[in-house]
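Any read-out appearing in this document is the output of simple, stated calculations on the displayed coordinates, not a laboratory observation. In this text, all values refer to a predicted model and were calculated from it rather than measured experimentally. Virtual Cβ from ideal backbone geometry, glycine too; neighbours counted across all protein chains shown.
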Amino acid sequence: MEQLIEWINRQALSTKLKWTYLVTSGGVMLLSTLFLIGIQLYFFTAALVRQTQSQATMAGENLTAAMAFADAEAAGDILSALRVAPDVQSAVAYDAKGKAFVSFVRDPQSPPAAHDPHVRETEVDVRGVSVTRRIQVGSRLLGTVVVRSSVTSVYRQLALYLALALPMTLALLSLSYYALSRLQRYFTAPIRALSAVSEQISRQGDYSLRAEVSQAADIGLLARTFNGMLDRIQKRELELEAEINERKRIEVKLDRLAHYDPVTQLNNRHFFNERLESVLARARKFDERTILMFIDLDNFKTVNDTLGHDIGDELLRLVSRRLSETLRFGDVLSRIGGDEFGIILENVSQVGVASLIAEKCLLKLADPIHIHGHDIHIGASIGISVYPDDATDMHALLKYADTAMYYAKNGGKNAWRMFTPSMRDDAHKRFKLDNNLRRALERDEFVLHYQPQVDLKTGDIVGVEALIRWIHPQLGMVSPNDFIPVAEDTGLIVPIGEWVLREACRDLKRWHAEGHLLRVAVNLSGRQLKENNLVAAVLATLREADVDPCWLELELTESMLMDASTDIVDRLHALTDAGIQLAIDDFGTGYSSMSYLKTFPVRALKVDRSFVRGLPQDPEDAAITRAIIAMARSLRMEIVAEGIETQEQHDFLRAHGCDKSQGYLYGRPCPAAQIGQLLARSGAGACAVDSVV
């Protein structure tokens with residue numbers, strides 16, 4: 001049974017429909033035939049019963065006389081007359097006592113009809129029909145006659161009926177099967193069309209296909225539902241396709257944002273690092289040399305702050321274009337920071353190629369860049385490291401190129417430097433110095449020394465310059481030339497500068513209390529000058545120490561003034577408006593000019609020691625010094641000469657109108673207590689505790 005069910009499940013719908021119809025039709029025909037056979041059997045048997053009853057009645061009436069006179073011969077002739085009836089098989093006449101009087105048997109082998117007084121007058125069984133009739137005269141019973149007919153004729157007629165019905169049934173079934181097959185193809189054509197469309201969609205993935213079928217109530221509804229489902233699938237497919245395309249577009253955009261700089265359209269740091277890693281892997285495999293270059297634009301922040309970010313962005317684009325023109329085909333140029341660029345030179349045979357390209361980059365950037373009516377001069381500091389000469393690790397190579405760039409920038413900018421092992425040692429020393437410097441304020445390791453400033457006309461000490469010293473527990477006395485640049489870079493110069501100013505004002509207040517009216521000069525760093533709260537912090541320190549602002553002089557460098565923005569100029573004016581004096585330190589070593597000096601509220605110029613060292617013998621130093629003094633006079637500024645070590649230098653400066661001077665001739669830098677003792681002795685004997693200025 002299970003195998004039959006499995007076989008049925010494997011068949012197509014059309015086959016299932018045909019077999020269902022055939023089984024149903026065959027069953028109906030079979031039941032109809034059986035019903036008709038039953039009816040025919042009933043009618044044939046009823047006719048046989050009526051015929052046998054009639055014959056039994058006639059025989060009973062004819063036997064009355066013969067039975068009355070006991071004429072057996074006549075009775076036998078009467079029964080023999082039943083031979084003409086083919087269905088009658090036997091007939092027996094019984095007397096009143098129930099004994100057989102006479103009989104007729106068509107087939108001698110067949111038993112005669114038996115008389116059973118308890119059996120009904122008419123008895124029907126599968127073999128025949130038995131009819132019993134009473135033989136009587138009036139009320140006198142003479143006997144009974146039993147006539148038995150065979151049902152063979154009935155069966156013969158039924159067989160004939162079946163012989164005609166069965167072929168007709170089979171013919172009808174065959175005709176039905178043929179008609180059904182034709183109709184089935186017509187009826188299932190829409191379903192096959194739906195199936196064909198489904199298969200085509202599955203094979204081609206084209207959801208624009210539609211099933212074209214009739215609009216009949218049932219199949220049409222199925223087709224409309226199917227097409228509606230395809231509409232929704234196609235719509236969703238289009239939406240998914242649009243969504244996928246949008247995602248791909250966003251992925252491309254994100255990939256570009258992840259690997260390209262939106263301002264210059266160059267590769268960014270992420271791409272640069274990935275490419276450098278792959279280039280180094282290739283260089284390692286094929287034993288090639290790779291050169292890494294870091295380029296940092298000089299004074300870009302000044303351009304950005306002064307002219308605006310739009311011009312700054314345009315400057316970056318033009319710089320990147322110029323740098324691209326210097327490279328070989330296949331070299332990589334990326335923007336890796338705000339004003340920093342990186343270059344990868346792949347498969348370089350000679351290290352000298354790096355210096356050639358670095359020089360070409362500096363020459364390209366040397367020409368002024370014209371942007372919206374502005375001629376912008378921009379330089380660059382370039383650091384170079386080489387694989388595998390300097391390092392085999394990507395991170396070390398990046399670090400060394402950055403270190404070399406730092407040396408190029410600190411060496412005067414607009415230059416290039418190749419990495420050397422000494423730079424690594426200096427960087428390590430710088431790192432260690434940085435860590436110690438961060439704890440120096442907390443541990444109170446800084447001290448102030450002061451160097452006297454002498455009025456050349458009177459010879460009196462009229463001021464001092466505050467100079468910071470760092471006394472480290474292990475390193476000993478650390479030179480300002482070592483730790484001040486580190487403090488500038490890390491931003492620690494701001495809290496250190498505040499400490500210097502605070503301590504200098506306290507010492508100044510103490511000297512004033514002792515009756516020594518002198519001015520203190522404090523160096524101001526470029527980082528401090530950019531602080532928004534500089535003016536408020538300086539004035540708050542003066543108020544805290546109860547010192548008049550006129551006794552404080554802040555020293556600036558020429559480079560700080562060259563990079564000064566409008567905000568910085570405003571701060572300088574705010575300081576002078578409060579009564580604080582401003583001086584330019586190391587004058588003559590930078591870019592100052594008479595017209596430039598008129599822009600700033602500067603009161604004094606300090607002639608750099610490099611011009612004083614050769615006085616009075618060196619004619620060039622003498623000429624420069626006289627020119628600076630003359631310029632200061634024309635601008636009504638005070639002149640202070642630094643680095644005076646000999647009496648001849650003192651006499652030359654005094655003779656040419658220099659106002660004040662400072663140097664070892666008058667005293668070395670010393671602690672505040674010794675300055676107090678020096679002032680108390682009225683200028684006798686300078687202190688000699690420190691040979692470091």
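Taking the mean number of other Cβ atoms within 10 Å as a proxy for protection, how do you rank 49-59, 27-37, 307-317, 243-253 from highest to lowest?
Order by mean packing, descending: 49-59, 307-317, 27-37, 243-253.
Taking the alpha-carbon distance from LYS530 and a cut-off under 13 Å, which aspartates and glutamates remain once sequence neighbours fewer than 8 residues away in the same chain are dropped?
Output for LYS530: ASP305, GLU488, ASP563, ASP567, ASP570.
Tell me the net charge near GLU642. Cut-off is 12 Å between Cβ atoms, GLU642 excluded, with +1 for each Lys or Arg and -1 for each Asp or Glu.
Summing Lys/Arg as +1 and Asp/Glu as -1 gives -2.
Give the separation of the Cα centroids, region 497-530 to region 267-333, in Å.
45
Any idea what Rg and Dmax come out to for the chain if you just take the C-alpha atoms, in Å?
Here Rg and the maximum Cα pair distance are 65.7, 207 Å.
My understanding is that a pair violates if its Cα-Cα distance is over 20 Å; which of LYS301/LYS606; LYS509/LYS606; LYS253/LYS399; LYS364/LYS413 do that in this structure?
From the list (LYS301/LYS606; LYS509/LYS606; LYS253/LYS399; LYS364/LYS413), the Cα-Cα distance tops 20 Å for LYS301/LYS606; LYS509/LYS606; LYS253/LYS399.
How much of the DSSP bridge set in region 441-680 is antiparallel, in percent, rounded to the nearest 5?
Of the beta bridges lying entirely in region 441-680, close to 40 percent run antiparallel.
For region 269-419, what's the relative contact order in percent, using C-alpha pairs closer than 8 Å and at least 6 residues apart?
For region 269-419, the relative contact order is 29 percent.
I need ARG543, ARG613 ordered by Cβ neighbour count within 10 Å, fewest first.
ARG543, ARG613
Going highest first, how would you order 337-343, 568-574 by mean Cβ packing within 10 Å?
The most tightly packed comes first, giving 337-343, 568-574.
Taking 0.36 nm per residue of sequence separation and subtracting the Cα-Cα distance, how much length would be gained by fully extending the chain between ALA281 and ASP489, in nm to one decimal?
71.5 nm
Name the shape class, rounded, prolate or oblate, that the alpha-carbon gyration tensor gives for region 269-419, where a ≥ b ≥ c are the square roots of its eigenvalues, rounded holds for a/c under 1.5, and otherwise prolate holds if a/b is larger than b/c and oblate otherwise.
Prolate, because a/c is 1.5 or more and a/b exceeds b/c.
Evaluate the relative contact order of the chain (contact order divided by residue number), counting alpha-carbon pairs under 8 angstrom at least 6 apart; express in whole percent.
7
Work out, step by step, the length gained on full extension between ARG328 and THR45: first 0.36 nm times the residue separation, then minus their alpha carbon distance; give nm to one decimal.
Fully extending the segment from ARG328 to THR45 adds 89.8 nm.
Can you list the HN-Hα couplings for region 297-303, worked out from phi with the Karplus curve (6.51, -1.76, 1.60; θ = phi - 60°), rounded to whole Hz and with x for Gly and Pro?
6, 8, 6, 5, 4, 4, 4
Need one number for region 441-680: average projected area of the convex hull over its C-alpha atoms, nm².
13.1
Return the calculated 222 nm mean residue ellipticity for the chain, to the nearest 500 deg cm²/dmol, obtained by summing -39500 (n - 2.57) across DSSP H runs with n ≥ 4 and dividing by the residue count.
Helices in the chain give a 222 nm mean residue ellipticity of -18000 deg cm²/dmol.
For the chain, take the longest principal axis of its alpha carbons; what is the angle in degrees between that and the long axis of helix 152-204, to the nearest 10 within 0 to 90?
The two axes meet at around 10 degrees.
Among DSSP beta bridges lying fully in the chain, give the percent that are antiparallel, nearest 5.
The antiparallel fraction comes to roughly 70 percent.
Whose amide H sits under 5 Å from the amide H of ALA391, counting only residues 5 or more places off or on another chain, with H placed in the peptide plane?
Amide H to amide H, under 5 Å and 5 or more residues apart or across chains, ALA391 pairs with VAL386.
Could you work out the local net charge near GLY373, counting Lys and Arg as +1, Asp and Glu as -1, over the other residues with Cβ closer than 14 Å to its Cβ?
Once all neighbours under 14 Å are counted, the net charge is -3.
Suppose each label sits 7 Å from its Cα in the direction of the beta carbon; what would the LYS598-GLU199 distance come out to in nanometres?
Between LYS598 and GLU199, the label points sit 10.0 nm apart.
Report, to the nearest 10°, how far helix 421-440 tilts away from the longest principal axis of the Cα atoms in the chain, using its own Cα long axis and a range of 0 to 90°.
90
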